[in-house]
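Worksheet: one structure, shown below.
The values are calculated or read from the model by the stated rules, or taken from the named source; none is laboratory data. Please read these numbers as outputs of a predicted model, since none were measured by experiment. Counting neighbours? That spans all protein chains shown, and the Cβs are built from the backbone with ideal geometry, glycine included.
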Amino acid sequence: MEEQVKQTEPVLSDQKNSGRSFGNFFANNFLAFSILAAGVLIAGSILYSNAKLKVGTAQIIPDSGEPAPGAVQVPVSVDDDPSMGNKNAKVTIVEFSDYQCPFCRIFWKEALPQILKEYVNTGKARLVYRDYPLSFHPMAIPSAQAAECAEEQGKYWEMHDKIFGEQEKLGQGTVTFTVQDLKRWAGEISLDKTKFNQCLDSNKYKAEVDKDFSDGTAAGVSGTPTLFINGRRVVGAQPFSVFKAIIDEELSK
């Protein structure tokens, strides 16, 4: 009971006694407080320095180890896949992509429109789309086949844009959707739904999609999007400026 009174005494006594008691305690333990304070300051300084170094390193040195965009050149076939632009253009861009990949959607939304406007629509470059469905995206293969089925009715690129555009409306990151959604979207771009549904349900283009994947793997593709500009590899949803620099270099040759 006596010990409990001592513990609560600073709260119950007047301010003068409280101040005197604290002052005596601090004086008697000054050395210990000094050592503790110094330790805290040193530890904080080390943590701050390490954090600053890590941020700087992440900004300067890529963690992936991927060579600079365009530094690696690989011969890549266009196969018989859908394309846009002049087939005799000086620059051919082959895109390996996954319809459920959020980074592919970022490329579609941000860099691709500028590439189309400045290079494809002006006849300077040709764009070829090839499928690279990643195993952890369950709707990647059905979507790739859906676009191929739409091509039978002359609307490959309309379906391509529809698949990415509808996901953009549904949220960020990897978006969940179904085969029924694909069929509904096909109707919204005025495809013959009966023909489209029969084509999609039959897995008619699975072999075509599998071939694209095999060709991409042989060319060194391991993630999406991966693009080859006259064979020069560019990995990821890079800003338009990166693509522009490489395309301009190829056009100047």
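Things worth noting here:
- Cβ pairs under 7 Å, 6+ apart, first in the stretch 170-195 and among the aliphatic types (A, V, I, L, M), second modelled with pLDDT under 95 and assigned to a helix (DSSP H, G or I): none
- Flag if residue 130 is surrounded by 20 or more Cβ atoms within 10 Å (Cβ to Cβ), at pLDDT 95 or above and under 29 Å from residue 252 (Cβ atoms): yes
- Every residue from the stretch 139-153 that is within 20 Å of residue 102 (Cβ to Cβ) and part of a helix (DSSP H, G or I): 140, 141, 142, 143, 144, 146, 147
- Test: residue 132 is of a type in the set (Ser, Thr, Tyr), assigned by TED's automatic domain parsing to the domain that holds residue 222, at negative phi and touching a strand residue (DSSP E or B) at 6+ places or on another chain (Cβ under 6 Å): yes
- When the stretch 88-115 is filtered for residues that are assigned to a loop (DSSP other than H, G, I, E, B) and either hydrophobic (A, V, I, L, M, F, W, C) or at pLDDT below 95 (or both), the ones remaining, listed by number, are 89, 101, 111.
- Within the stretch 202-253, tally of residues that are assigned to a loop (DSSP other than H, G, I, E, B), surrounded by 14 or more Cβ atoms within 10 Å (Cβ to Cβ) and of a type outside the set (Gly, Ala, Ser): 7
- Residue match in the stretch 116-126 (condition: assigned to a helix (DSSP H, G or I), assigned by TED's automatic domain parsing to the domain that holds residue 156 and touching a Lys or Arg at 6+ places or on another chain (Cβ under 8 Å)): yes
- Residue within the stretch 136-152 that is in contact (Cβ under 8 Å) with a residue 60 or more places away in the chain and out of contact with any Phe, Trp or Tyr (no Cβ under 8 Å at 6 or more places or on another chain) present: yes
- Members of the stretch 86-110 that are surrounded by fewer than 21 Cβ atoms within 10 Å (Cβ to Cβ), out of contact with any Asp or Glu (no Cβ under 7 Å at 6 or more places or on another chain) and closer than 25 Å to residue 166 by Cα: 102, 103, 106, 110
- Taken together, the residues in the stretch 109-167 that are within 17 Å of residue 205 (Cα to Cα) and charged (D, E, K, R) amount to 6.
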